[in-house]
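First the structure, in the form of structure tokens, and then the observations on it.
The values are calculated or read from the model by the stated rules, or taken from the named source; none is laboratory data. What you are looking at is a predicted structure, and each value in this text was computed from that prediction instead of being measured. So basically every Cβ, Gly included, is an ideal-geometry build from the backbone, and we count neighbours across all protein chains shown. Just so you know, the surface numbers come from the protein's heavy atoms only, side chains and all, with ligands and any DNA or RNA stripped out. Shrake-Rupley method; radii C 1.70, N 1.55, O 1.52, S 1.80 Å.
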Amino acid sequence: MATSAPPGVPPRVRQLATDLADAKPMRRGSLSERTIKCSKPGCACAQDPKARHGPYFSLTHAVDGKTRSRFLTAEQAVVAAQQIEAGREFRTNAGAYWEACEEWADVALADSTASSGEAKKGGSKQTSKTKSSRKSKRS
């Protein structure tokens with residue numbers, strides 16, 4: 001996906017913008033793999049941790065401040081793991097893009113200050129009229 005940027009954009013900002021524009025499925029959350037004990041009295045899973053049932057995969061993420069989880073098949077877990085990694089990479093690139101843009105802004109600000117001369121102290125001159133010396137009457 002091509003993006004048009006104004007001239008003078010630093011190469012790092014341009015590259016990060018290109019990376020962010022590379023659309024792919026991504027998601028927030030975490031993936032966990034679990035094995036469980038069943039409630040059958042004679043099952044080996046109650047005694048031996050290696051005999052537990054599973055693995056079962058669950059995808060967990062926050063929605064409107066609440067934690068949501070859902071079970072996935074092994075094939076879905078592979079895809080979800082790739083999507084979670086893509087989301088983490090996107091967040092990392094977004095943070096790096098923000099920092100690179102701030103550095104660019106700092107350079108532009110420094111150039112602007114250097115070209116216009118240093119700010120002079122003393123503030124602005126007072127332009128308001130002299131206030132009346134009458135005091136307000138209070139009862």
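Ser112: exposed (fewer than 14 other Cβ atoms within 10 Å of the Cβ), touching a Leu at 6+ places or on another chain (Cβ under 8 Å) and free of Cβ contacts under 8 Å to residues at least 24 places away in the same chain, yes or no? Against the criterion (exposed (fewer than 14 other Cβ atoms within 10 Å of the Cβ), touching a Leu at 6+ places or on another chain (Cβ under 8 Å) and free of Cβ contacts under 8 Å to residues at least 24 places away in the same chain), Ser112 does not qualify.
In the range 72-93 there is no residue matching the filter, namely being of a type in the set (Phe, Trp, Tyr), open to solvent by less than 80 Å² (accessible area, probe 1.4 Å) and touching a Lys or Arg at 6+ places or on another chain (Cβ under 9 Å). Being free of Cβ contacts under 8 Å to residues at least 40 places away in the same chain and open to solvent by less than 70 Å² (accessible area, probe 1.4 Å) narrows it down to one residue among Cys38, Cys101; which is it? Only one candidate qualifies: Cys38.
Of note, Ala51 does not satisfy the criterion of being touching a residue at least 12 places away in the same chain (Cβ under 8 Å), loosely packed, with under 14 Cβ neighbours inside 10 Å and hydrophobic (A, V, I, L, M, F, W, C). Among the residues of the range 54-106, those identified as charged (D, E, K, R) and within 17 Å of the chain's Cα centre (by Cα) are Asp64, Glu85, Arg88, Glu89, Arg91, Glu99, Glu102.
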